[in-house]
Structures are given as structure tokens and as C-alpha cells.
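The values are calculated or read from the model by the stated rules, or taken from the named source; none is laboratory data. For clarity, every value in this text was computed on a predicted model and none was experimentally measured. Neighbour counts are summed over all protein chains in view; Cβ atoms, including those assigned to glycine, are modelled from backbone coordinates with ideal geometry.
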Amino acid sequence: MRVLFFGSSNFSIPVLEALHKAHQVIAVISTPDEKKGRGQIEGPTPVKAWALQHGLECLTPEKLKAEDFLAAIKLLKPELGVIASYGKLVPDSLLAISSVANLNVHPSLLPQYRGASPIQSAILHGDTVTGVSIMRPVAKMDAGDVLIQKSLAIGPDENAEELSVRLSQLGAELLLEGIQVLEKNPNSNFHIQDDKLATLCGKITKEDGLFTWNDPASLIHRKIRAFVPWPVAHTHFANQPLRIFKSELGDPTPSEKPPGTLLATSKHRGFLIQTGEGSLWILQVQQAGKNIVNGFQFLMGQRLKEGMSLTA
């Protein structure tokens, strides 16, 4: 099948790779190059870089409704449009060009978590199961009819980056399965979503990652997991941001010690800290302008010992 692919992030790549092996990807559409990093150097999206490495034509239009762009896509004669973490809503005028169908790979069990942050939202809400839905894109965000979906268990300490990799791989497999269904029967039944059961999730901001040791350990742990690789959960130490990359839940037993108190240390594990409810092992941290280190290395560098407070 002649496929027109829309994608931008790392999540998109396994899906694009699977399509490239099984079908004819006639063009890849990604978002325009952006300035990234401390040096603000302009560079391509992960999808554009992958596409060019594999000899695929990649287009990065500023405006998807531009007449010259739509005319160029019509000349390609796509049969199937596939969207996977593209980052923009694809207009009906562009979707209408595909002669067979359009499919969107969404990493949630729709109608749950429609929107920009389904992976982070599942972790933040403490879900133990998420999944992938292959659905028909429509003007309303992630509200289209679902062709096929499959669930996936979330590990108790799994972060968003790790979960995204597994969901993208599942999405690639499920997409190919969905295409086979359409090839056998173009009039296959899509299942209508129940809007009454829909939940929405917006874009993540840097401020979403902020927490204090007064928060419950379970909430802090979910934030740490949800916000890797960005914006990374963070608190403050010595009037500077302290970013936390990895943690494990400690003893949930109530303690009389105030939040922020160092309860225990381990050379190989890090440090155990009292929170507003329960305790939390901090395994990996990063101070401003420094490398990510083991929690124990951080304590040694700051000359902190058991019984001392990280809020002082």
C-alpha cells in the first residue's frame, strides 16, 4: 500500500520503520526543524533524520493547508495516511487525499487520555495498564472511531521514556495488523468512542515537574517516572534546582520525622528520604550544571548524613 506518514518524535520511528519494511512509504511529513539544546542549534526532528538516512523523501511544511503543498501531495497518490506522534492536527483537506483510509497510532486505551501527554498521564494517575489504539483521525482531538486496540502492563518503576519505547513497538505491530484488516475488508467496522468516558490530557510544562518533600512519596515517585526525559521532576536544594531521575518507594509506615529528613544511605542505591507521607529512595540526581550521579555520591559531595535535612 502507498503510505503517507506523519511523525516527528522518537515514538514515531518504530512505526515508520515497520511501515517502510512492509509497505511503500511514498513520503514522510514531519514538523519543521527547531533550535535545541543550550547552543540553540537548529536541527531536524528524529523522524526527519531517520527518513533521510533511509532514503525517504521528507517534507516539513509550515502550513498543512497551503495549496501548493496539497497539490504536491495529490501527485503522490497516497492510499493510506498514517499519523504517529506528529505534533500537529492534520486538516481534513489533507486527510481527504488518501484514497483508502487514514489511521492514527495513539498510545492509550481510547477514549482514555485523549491529547498530547497520554503516556505521562497514565503514570501520573498511577495506572497499572495502558495500551495503544489504532483509530481514524478526525477534527476533534483523538475522538475518531477505533479500528483496533491492545493493552500493555506498566511496570511499577517504569518511566515515561521506557514505556514510550514499548508502546511504540506495540503500536508498530498493531498498525500493521490494522492495515491487514483494512486490506481484507476496506469497509471494516470501526468502533465509536463513548465521549462520556473520555478523559483529556494537555501538554506537559516545565512547572509540572516541581515537587516538595511535603508531597506524598507515591506522588513524587509518579512524577519522577512520568517526567523522564522531560521536564524531569525537580525540587530545590540550597536555593538551586535538584533534578531527580530515578527513585523507588520506601516504607509507607508513618514517621514522626519531618519531610526532607535523610533516613538512610546506601553506596549502591542512594538515599532514603522522609516525605509528607511515606519514604522514598532517591537513586539518581542532578544539580544545575553538573552530571547525573548516584544519590549517595550527591550526599557525599554535599557532606550530608543520616538525620540531616535536605530542606535546610
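When you look at residue 74, is it free of Cβ contacts under 8 Å to residues at least 24 places away in the same chain, among the basic types (Lys, Arg), exposed (fewer than 13 other Cβ atoms within 10 Å of the Cβ) and in contact with an Asp or Glu (Cβ under 7 Å, 6 or more places away or on another chain), yes or no?
no
How many of the residues in the range 157-198 are of a type in the set (S, T, N, Q) and more than 16 Å from residue 108 (Cβ to Cβ)?
6
Filter the range 171-190 down to the residues that are at pLDDT below 95 and closer than 16 Å to residue 142 by Cβ and list them by number.
Across the range 171-190, the qualifying residue is only 190.
How many residues are among the polar types (S, T, N, Q) and either farther than 17 Å from residue 64 by Cβ or without any contact (Cβ under 8 Å) to a residue 40 or more places away in the chain (or both) if we restrict to the range 84-116?
5
Kindly provide the set of residues from the range 291-312 that are assigned to a loop (DSSP other than H, G, I, E, B) and either of a type in the set (Val, Ile, Thr) or loosely packed, with under 12 Cβ neighbours inside 10 Å (or both), ordered by number.
Residues satisfying the conditions are 291, 292, 303, 305, 307, 311, 312.
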